[in-house]
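Step one of this worksheet: look at the structure below.
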Amino acid sequence: MTKYIFCTGGVVSSVGKGVTAASIGRILKARGISVAIQKLDPYINVDPGTMSPYQHGEVFVTEDGAETDLDLGHYERFTDENMLSVSNVTTGQIYAEVIARERRGDFLGGTIQVIPHITNEIKRRIALVGHKTGAEVVIVEVGGTVGDIEGLPFLEAIRQMRKDVGRSNTLYIHVTLLPYIASTKELKTKPTQHSVRELRGIGIQPDVIVCRADYPVDDAVRDKIALFCDVEREAVIPLVTTSVIYEVPLVLEAARLGDLLVERLGLQPRGLDLEEWKAMVAEIRRPKEPLVIGVVGKYVELQDAYISVREALYHAGVALKRDIHIRWISSEALERSGDLTPLQEVDGIVVPGGFGYRGIEGKIAAARYARERQVPYLGLCLGMQVMVIELARHILGSDEPNSTEFDHTTAYPVIDLMPDQQGIANLGGTMRLGAYPCRLVPGTRAAEAYGQDLVYERHRHRFEFNNAYREMLEQGGLVVSGLSPDGRLVEIAEIRDHPWMVGSQFHPEFKSRPNRPHPLFLGFLRAAIAYRQRRTQGGSQVIPQNLAMEEVD
């Protein structure tokens, strides 16, 4: 029977439930136990697809085309398992389904209530993860903070799960924050006590309490939490802030959380192997030569909007033994000022995805700079499209070429709406979403990077390369290096006679893993390393302090 681990959060939001859930998945998988992870999001949106990145951060796309919470990216990167559309559930989805059933008459005229109708639908979707994946353990993260009114139906549903599937098949983990009072130099447990009291008032007694803290958690603090929150001392797990998030599974394992979970749930481990993961973390921590990468985007004030891009760069950097320093460059600032000085300080340029006209001319300026100065460039989705627009403008000697997303009346729509999207008014779920095949063209940089003929990559876009301009662009220096199997859709393009200027219509960052970097990011960073060596003429270069401080984690 499927076992369930429920992760809730207390005291503050953004306490680290997602990374904790992902890390639990990793330490269980290291024991040969199959896992799947699900995120329950209390917001009323159906999915985050139409939400502003400033509100929600990155929209992570699954293989089967679901637009989901960024925590699913953590789940995939830590467990190296693909999530599915059932891995993210929102209040909007739950109510939409229940109301649709009521309209169809499925409830035979009954009064529809939060209990049992809404909670039953939540439980159905939780159970669906195990049925779809066949996982031995399903880890369920409940978004938000205990005490939030919108999260109450989800908490009630997971409370009922213990009764439905049995006490031996469920385990509750509460992730809380221990704030540090500088004047007294101590960690305070009272907020955790109150959070657990709130959870118990709902009917859930946590089996494990994970204590996030910025300072070491001593035994006296653990004893106090165990006493006041009615858990065993070994079930109070300290989780002190680390500069490397991939170290969290090792921290939890050192606290014997893995053994505790196996014992409480009656699991049958098949060994324990975290050696590769330990070696990877050690490599991340090892001092390495720096490499400065500029990410030109319009949401750079909130770096979570590009979290998968950031992590993909770090993954490839570790594999190539380089310390990646990311310079976050506002495309709007480039557009307003016309000052390209920030681009002079980087070894490579990444232009990530996005929607809307704001900041587009700044991205086009970055693509032009990369093409003219032979700076390695990686365009992701919209980043490929602006690369194509910039080349078309260069070929025609005009600023008129554009995408119809930004200029409906352009005389040269080199990027245009997909034919089957014409006339669709709704924005949500109307794009090319999820994994699609891409056949690589032999002899191209993309084919060399992948080392194979056919790949599957994840998409999230409405607009496509316009084949009406393909011949003109190819004559002007464009190389189409990846196509849909029927040859109709351009999936990868690159610039001829350039060290590395490659753009993908898809989002390769979603498939990068810390122990298996994505080939396009590896190829891009190899070119950036060579460019840096040329730029510094083989000598060492001091990274300006403001750049060296850009790396975060």
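Values in this text are rule-based calculations from the coordinates and carry no lab data. As the structure is a prediction and not an experimental result, all values here were calculated from the model. Cβ: placed from backbone, ideal geometry, glycine included. Neighbour counts: every protein chain shown.
Where does each of VAL244, VAL318, VAL346, VAL146 land when they are ranked from fewest to most other beta-carbon atoms within 10 angstrom?
VAL244, VAL318, VAL146, VAL346
For ASP407 and ASP339 in the same chain, what is the full-extension length gain: residue separation times 0.36 nm, less their Cα-Cα distance, in nm?
The ASP407-ASP339 span can extend by a further 22.0 nm.
How many angstrom lie between the Cα centre of segment 292-351 and the Cα centre of segment 73-152?
Cα centroid to Cα centroid, the span is 36 Å.
Pulled fully out, how much extra length does the chain show between ARG358 and ILE44, if you take 0.36 nm times their separation in residues and subtract their Cα-Cα distance?
110.3 nm
With the Cα gyration tensor of segment 261-301 giving a ≥ b ≥ c as the square roots of its eigenvalues, does the rule (a/c under 1.5 for rounded; else a/b larger than b/c for prolate; else oblate) give rounded, prolate or oblate?
Oblate is the answer for segment 261-301, as a/c is 1.5 or above yet b/c matches or exceeds a/b.
Starting from the Cα coordinates of segment 3-279, work out the convex hull volume and express it per residue in Å³.
137 Å³
Please list the three semi-axes, largest first and in whole Å, of the ellipsoid equivalent to the chain, using sqrt of 5 times the eigenvalues of its alpha carbon gyration tensor.
So the equivalent ellipsoid measures 43, 29, 20 Å along its semi-axes.
Give a residue-ordered list of calculated ³J(HN,Hα) values for segment 345-350 (Karplus: 6.51 cos²θ - 1.76 cosθ + 1.60, θ = phi - 60°; whole Hz; x for Gly, Pro).
In residue order, the calculated couplings are 9, 10, 9, x, 10, 10 Hz.
Based on alpha-carbon atoms only, what is the radius of gyration of segment 197-292 relative to the globular estimate 2.2 N^0.38 Å?
1.33
What spacing in nm lies between the two simple spin-label points modelled at VAL244 and LYS188, each 7 Å away from Cα in the Cβ direction?
Once both label points are built, they end up 3.4 nm from each other.
If you filter segment 170-205 for trypsin sites (Lys or Arg not before Pro), then keep DSSP loop positions with at most 12 other Cβ within 10 Å, what is left?
LYS185
Tell me, what HN-Hα J-couplings in whole Hz come from the Karplus equation 6.51 cos²θ - 1.76 cosθ + 1.60 at θ = phi - 60° for each residue of segment 22-28, using x for Gly and Pro?
5, 5, 4, x, 5, 6, 6
Calculate the dipole size of the chain relative to its Cα centre from +1 charges on Lys and Arg beta carbons and -1 charges on Asp and Glu beta carbons; express the result in debye to the nearest 20.
Dipole of the chain, to the nearest 20 debye: 920 debye.
What does the convex hull of the Cα atoms come to per residue for segment 436-521, in Å³?
Each residue corresponds to 96 Å³ of Cα convex hull volume.
For every other residue with a beta carbon closer than 13 angstrom to the beta carbon of HIS498, add +1 if it is Lys or Arg and -1 if Asp or Glu, then tell me the sum.
+1
Report, in degrees rounded to the nearest 10, the 0 to 90 angle that the Cα long axis of helix 360-373 makes with the longest principal axis of the chain.
The angle comes out near 60 degrees.
Ranking request for peptides 220-227, 2-9: highest mean number of other beta-carbon atoms within 10 Å first, then the rest in descending order.
Highest-to-lowest ranking by the protection proxy: 2-9, 220-227.
Which whole-number percent is the relative contact order of the chain (Cα, under 8 Å, 6+ apart)?
15 percent
In what sequence do ASP486, ASP230 fall when counting other Cβ within 10 Å, fewest first?
In increasing order of surrounding Cβ atoms, one gets ASP486, ASP230.
Can you compute 3J(HN,Hα) from phi for each residue in segment 400-412, using the Karplus curve 6.51 cos²θ - 1.76 cosθ + 1.60 with θ = phi - 60°, rounded to whole Hz and x for Gly and Pro?
6, x, 6, 9, 5, 5, 9, 8, 5, 9, 4, 6, 10
So, in nm, how far is label ARG256 from label THR536 when the simple model puts each one 7 Å beyond its Cα toward the Cβ?
It is 4.7 nm.
Within 10 Å of each residue's Cβ, count the other Cβ atoms and sort MET51, MET431, MET387 from fewest upward.
Least crowded to most crowded, the residues run MET51, MET431, MET387.
Given R₀ = 22 Å, what would the calculated FRET efficiency be for ARG167 paired with GLU234, taking r from the Cβ atoms and rounding to 0.05?
0.70
So how far apart, in nm, are the two label points at LEU227 and ALA468 if each is 7 Å from Cα heading toward Cβ?
7.7 nm
Under the rule of at least 5 residues apart or a separate chain, name every residue whose amide H is placed under 5 Å from the amide H of ASN515.
Under 5 Å from the amide H of ASN515 lies no amide H from a residue far enough along the sequence or on another chain.
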